[in-house]
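Right, one structure below, let's go through it.
The values are calculated or read from the model by the stated rules, or taken from the named source; none is laboratory data. This is a predicted model, so every value here is computed, not measured. Note: ideal-geometry Cβ built from the backbone for every residue, glycine included; neighbour counts use all protein chains shown.
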């Protein structure tokens, strides 16, 4: 995560302080462990991580709209997806997401794929929690950005196996509400 220097007045050059990976890994590990003690199953744990991510996403949107866009927000579907894929991802993870794709089967689905999502990088999942995906936290961030920008959607994280790789690729699946598609059609 990156932050701006509060003393930089109206300067386009930003002083950025990067949070150490070990500090983030420790804090995220504590978040997962705490929530793990509060739940009875994997689905509930992922939901709690998604809720924590949602709060982060809402705040990131406010920060970036103020900092990057002069308090202007995206009004088009592809604009907000591009904003998340590039700007939000770069601020949170230090790089643009690996890919942004439109679903082939459904008109309302888009996918952001990441070869190795930071929240899954140092996580070892016990055998009894085999389906657990820490990407739910990032899905919550994406949902928080989308909902607060006026693009309600269901956002989920999925593992996608890749031939020849030990770790699967993480895909964030975004399924937009019907009202978003109707608004987009009206806008042309």
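Looking across the stretch 162-179, the residues that are in contact with a strand residue (DSSP E or B) (Cβ under 7 Å, 6 or more places away or on another chain) and outside any loop (DSSP other than H, G, I, E, B) come down to 169, 170, 171, 172, 173, 174, 175, 176. Can you pull out every residue in the stretch 129-154 that is free of Cβ contacts under 8 Å to residues at least 60 places away in the same chain and within 15 Å of residue 46 (Cβ to Cβ)? Selection gives 130, 135, 154.
If you go through the stretch 87-102, how many residues are in a helix (DSSP H, G or I) and closer than 17 Å to residue 146 by Cα? Adding up the residues that qualify gives 6.
Every condition in (1) at pLDDT below 90; (2) within 24 Å of residue 112 (Cα to Cα) is met by residue 99 except one, and the failing one is (1).
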